[in-house]
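Below: one structure, written as structure tokens.
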Amino acid sequence: MAQDIKNGSTHLASLRDGRSVYINGKHAGDVTEHAAFRNAIASTCDLYDFQADPDRAELMTFETESGARVNRAWQAPGSYEELVRRREALTTWAELHGGFMGRSPDHVSSALLGQLMGIEVFERHDIKRANAFREYFRYARDKDLFLTYVIINPQADRSKDWGDQPAEDLVASIVDEDNEGITIRGAKMLGTSSIMANEVFVANLQPLRPGEENLAFACALPMNAKGLKVLSRKSFEEHAVSHFDNPLASRFDENDALMYFDDVKVPWDRVFVYKDTDTCRAQFHDTPGHTMQNYQAQIRLMVKTRFLLGVARKITETIGTIALPPVREKLGWLSAKVAMVEGMVYGMEAAGHLHNGFYVPNRNLMYSAQVVTQELYPQLVNAIRELAGGALIMLPSSEDDLRNPELLPIIRKTQVSGHMSPEERVKFLKLAWDALGSEFASRHLQYEMFYAGAQFVTCGHSFRTRNWAESTGLAERVLSARAAPSPAAARNAA
């Protein structure tokens, strides 16, 4: 059964496709060999090897109607039980990277799955475009492709609309079309994990106004499409000293990138929305697309907060403060917050409903979880840093210090722990710093605070999807209820 499942070797080979990735002012060449990307790509390949193991195939994969066996992220659940089973697979994958790969292959596949669940939105727009989307979903699913997406426009001058920006060809837009397809030119972001993905889904999550129809499209392209240039941010992996010193940054720096479409031709069978500003919105918000993609993000974040909780406890054990009442109080607070994240994931599943025959999570609870966790993540990081004190600062400069016979005795005297050897203490605290205070950690802090949008955006989603009639109706019923007579009044009436 597992022989036909996509594995790491298959994925690695698929990335050697001549894509145009740039970093440090140069063309990266083969990204699978480049020092800025190769370890993160290897970590992605580990995910595929994990699902292809015959002992895990049933947990991680399912068989499509065409006979392909692919990751359960592509599976459309028809019941609460199937949604939970799907979540168990996504959770298991996230545990392999501690939740630090925010755009692992199960993210965009979840987004496209949710949009397929609301295919009628595409059909109202254009039957041909709907059929193109349906066929592309089947293609990407049966190939078990790793998809990234760019659905945000460059920030630029926030005081102006995108169509009014002074820079020419700033935002990706349709500049030409013919019988074969459309041509797009301009930039999109934030292509997280694009360097290790097979294809890119291009769309507009942000609102568009009338007159911006040339910006209003959705399509999909292979990462080696002619004219597609990928501009990587600084690689934390490339600057990681070693696995010992940077155990997270050296393996899980999934990267972010700006994508510039330099007159890229998109065939019509890869165009899903065409010059329709409202359908650009609707493909995410009138389908379960936005719900499913952010439900996956909350599953991943649930795993990540569990990881951080484990780091917090191990820090207090390492430095010998675990028995102090204030420390136990703080650990209890952290535990309660992590349990809240877990409870919200389980709650959005339990309160889910059927949509076109598919069982989807409760989107108001999902958006509420986003609002809460945007505030919570920096609180967790700060609380754990407080528990650590100076332990995260006074560490050897690198693993090489432990190899120096003159320095090793000093390190062993000063890096003392009642729970582990000095070498083990240093290794663990290096992990903690990589998760909490390094440049890699700072990127994750910013990511968890803003990947779903600014807080006014997520609060707006929470407001928009709340059943206000239920709450205000309850208040009105209590207000209008007749007061019960007092005991004295009852006796007088008798």
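The values are calculated or read from the model by the stated rules, or taken from the named source; none is laboratory data. Computed from a prediction, not measured in an experiment: that's the story for all the values here. Here Cβ is always computed from backbone atoms with ideal geometry, including for glycine, and neighbour counts include all displayed protein chains.
Which pairs do you get when a residue that is more than 13 Å from G289 (Cα to Cα), found in region 350-368, comes within reach of a residue that is among the β-branched types (V, I, T) and part of a strand (DSSP E or B), reach meaning Cβ atoms under 7 angstrom, with the pair 6+ apart or on two chains?
Listed pairs, sorted by first residue: G352/V360; H353/V360.
Wholly within region 159-258, which strands (runs of 3 or more DSSP E) include no fewer than the required count, namely at least 1 residues that are assigned by TED's automatic domain parsing to the domain that holds E95 and either of a type in the set (K, R) or surrounded by fewer than 21 Cβ atoms within 10 Å (Cβ to Cβ) (or both)? Walk me through how you get there before you give the answer.
Numbers: elements: 173-177, 181-188, 199-202, 217-222, 228-232.
Result: 173-177, 181-188, 217-222, 228-232.
Among the candidates E342, E406, E386, E375, which residue alone is in a loop (DSSP other than H, G, I, E, B) and either surrounded by fewer than 21 Cβ atoms within 10 Å (Cβ to Cβ) or without any contact (Cβ under 8 Å) to a residue 12 or more places away in the chain (or both)? Let's see the steps before the verdict.
On the way: E342 fails: in a loop (DSSP other than H, G, I, E, B); E386 fails: in a loop (DSSP other than H, G, I, E, B); E375 fails: in a loop (DSSP other than H, G, I, E, B).
Going through E342, E406, E386, E375 in turn, the sole match is E406.
For region 345-363, enumerate the residues that are part of a helix (DSSP H, G or I) and either under 16 Å from T287 (Cβ atoms) or among the aliphatic types (A, V, I, L, M) (or both).
Correct list: V345, M348, A350, R363.
Mind checking whether some residue in region 98-107 is among the aromatic types (F, W, Y), modelled with pLDDT of 95 or more and not in a helix (DSSP H, G or I)?
The initial filter retains those residues of region 98-107 that are among the aromatic types (F, W, Y), namely 100.
Subsequent filtering for residues that are modelled with pLDDT of 95 or more retains 100.
Among the residues that remain, those that are also not in a helix (DSSP H, G or I) are: 100.
Yes, region 98-107 has at least one match.
Just wondering, is there one or more residues in region 447-458 that are at pLDDT 80 or above, touching a helix residue (DSSP H, G or I) at 6+ places or on another chain (Cβ under 6 Å), farther than 30 Å from V311 by Cβ and surrounded by 10 or more Cβ atoms within 10 Å (Cβ to Cβ)?
No, there is no match, as no residue in region 447-458 is at pLDDT 80 or above, touching a helix residue (DSSP H, G or I) at 6+ places or on another chain (Cβ under 6 Å), farther than 30 Å from V311 by Cβ and surrounded by 10 or more Cβ atoms within 10 Å (Cβ to Cβ).
Mind checking whether some residue in region 121-142 is assigned to a loop (DSSP other than H, G, I, E, B) and either closer than 25 Å to A452 by Cβ or at pLDDT below 95 (or both)?
Pass one, region 121-142, residues assigned to a loop (DSSP other than H, G, I, E, B): 126.
Narrowing further to those that are either closer than 25 Å to A452 by Cβ or at pLDDT below 95 (or both): none.
No, that holds for no residue.
Given Y359, Y367, which one is buried (at least 18 other Cβ atoms within 10 Å of the Cβ), modelled with pLDDT under 95, under 24 Å from S462 (Cα atoms) and touching a helix residue (DSSP H, G or I) at 6+ places or on another chain (Cβ under 7 Å)?
Testing whether each residue is buried (at least 18 other Cβ atoms within 10 Å of the Cβ), modelled with pLDDT under 95, under 24 Å from S462 (Cα atoms) and touching a helix residue (DSSP H, G or I) at 6+ places or on another chain (Cβ under 7 Å) leaves just Y367.
Give, as residue ranges, the strands (runs of 3 or more DSSP E) completely inside region 1-96 that count at least 2 residues that are free of Cβ contacts under 8 Å to residues at least 60 places away in the same chain and closer than 26 Å to E135 by Cβ.
61-63
Conditions (1) in contact with a strand residue (DSSP E or B) (Cβ under 6 Å, 6 or more places away or on another chain); (2) over 15 Å from I195 (Cα atoms); (3) buried (at least 16 other Cβ atoms within 10 Å of the Cβ), marked per residue:
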residue	(1), (2), (3)
L12	no, no, yes
G18	no, no, no
V21	yes, no, yes
K26	no, no, no
D30	no, no, no
H34	no, no, yes
A40	no, no, yes
Y48	no, yes, yes
P54	no, yes, no
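What is the one condition in (1) in a helix (DSSP H, G or I); (2) farther than 23 Å from L90 by Cα; (3) of a type in the set (S, T, N, Q) that Q293 does not satisfy?
Condition not satisfied by Q293: (2).
In region 16-53, what count of residues is obtained for those that are over 22 Å from the mean Cα position of the chain (by Cα) and either within 24 Å of A68 (Cα to Cα) or not assigned by TED's automatic domain parsing to the domain that holds F100 (or both)?
Summing the residues that are over 22 Å from the mean Cα position of the chain (by Cα) and either within 24 Å of A68 (Cα to Cα) or not assigned by TED's automatic domain parsing to the domain that holds F100 (or both) in region 16-53 gives 4.
What's the total number of residues in region 259-290 that are surrounded by 24 or more Cβ atoms within 10 Å (Cβ to Cβ), touching a Gly at 6+ places or on another chain (Cβ under 8 Å) and part of a helix (DSSP H, G or I)?
Residues meeting the conditions: 2.
Output the number of residues of region 17-52 satisfying the condition of being of a type in the set (S, T, Y) and closer than 22 Å to V264 by Cβ.
Matching residues across region 17-52 total 2.
Of the numbered conditions (1) among the aliphatic types (A, V, I, L, M); (2) in contact with a strand residue (DSSP E or B) (Cβ under 6 Å, 6 or more places away or on another chain); (3) over 25 Å from S9 (Cβ atoms); (4) at pLDDT 95 or above, V171 fails exactly one; give the number of that condition.
Answer for V171: the failing condition is (4).
Test V341 against the criterion of being under 17 Å from the mean Cα position of the chain (by Cα), farther than 15 Å from L83 by Cα and not acidic (D, E), and give yes or no.
Against the criterion (under 17 Å from the mean Cα position of the chain (by Cα), farther than 15 Å from L83 by Cα and not acidic (D, E)), V341 qualifies.
Restricting attention to region 65-83, report how many residues are out of contact with any helix residue (DSSP H, G or I) (no Cβ under 6 Å at 6 or more places or on another chain) and either in the same structural domain as Q298 (by TED's automatic domain parsing) or farther than 17 Å from L112 by Cβ (or both).
Counting residues in region 65-83 that are out of contact with any helix residue (DSSP H, G or I) (no Cβ under 6 Å at 6 or more places or on another chain) and either in the same structural domain as Q298 (by TED's automatic domain parsing) or farther than 17 Å from L112 by Cβ (or both) gives 6.
Checking the condition assigned by TED's automatic domain parsing to the domain that holds T305, over 20 Å from the mean Cα position of the chain (by Cα) and under 18 Å from A435 (Cα atoms), which residue from A350, A336, A388 passes?
Answer to the check: A388.
Which numbered condition trips up K304, out of (1) closer than 30 Å to M420 by Cα; (2) under 17 Å from the mean Cα position of the chain (by Cα); (3) surrounded by fewer than 21 Cβ atoms within 10 Å (Cβ to Cβ)?
(3)
Out of the residues in region 64-101 that are under 13 Å from Q51 (Cβ atoms) and among the polar types (S, T, N, Q), which is nearest to the chain's Cα centre (by Cα)?
T92
Tell me, please, whether a residue that is closer than 27 Å to G310 by Cβ, surrounded by 17 or more Cβ atoms within 10 Å (Cβ to Cβ), in the same structural domain as P361 (by TED's automatic domain parsing) and touching a helix residue (DSSP H, G or I) at 6+ places or on another chain (Cβ under 7 Å) can be found in region 462-479.
no
Would you say L309 is out of contact with any Asp or Glu (no Cβ under 7 Å at 6 or more places or on another chain) and without any contact (Cβ under 8 Å) to a residue 12 or more places away in the chain?
Answer is no for this residue.
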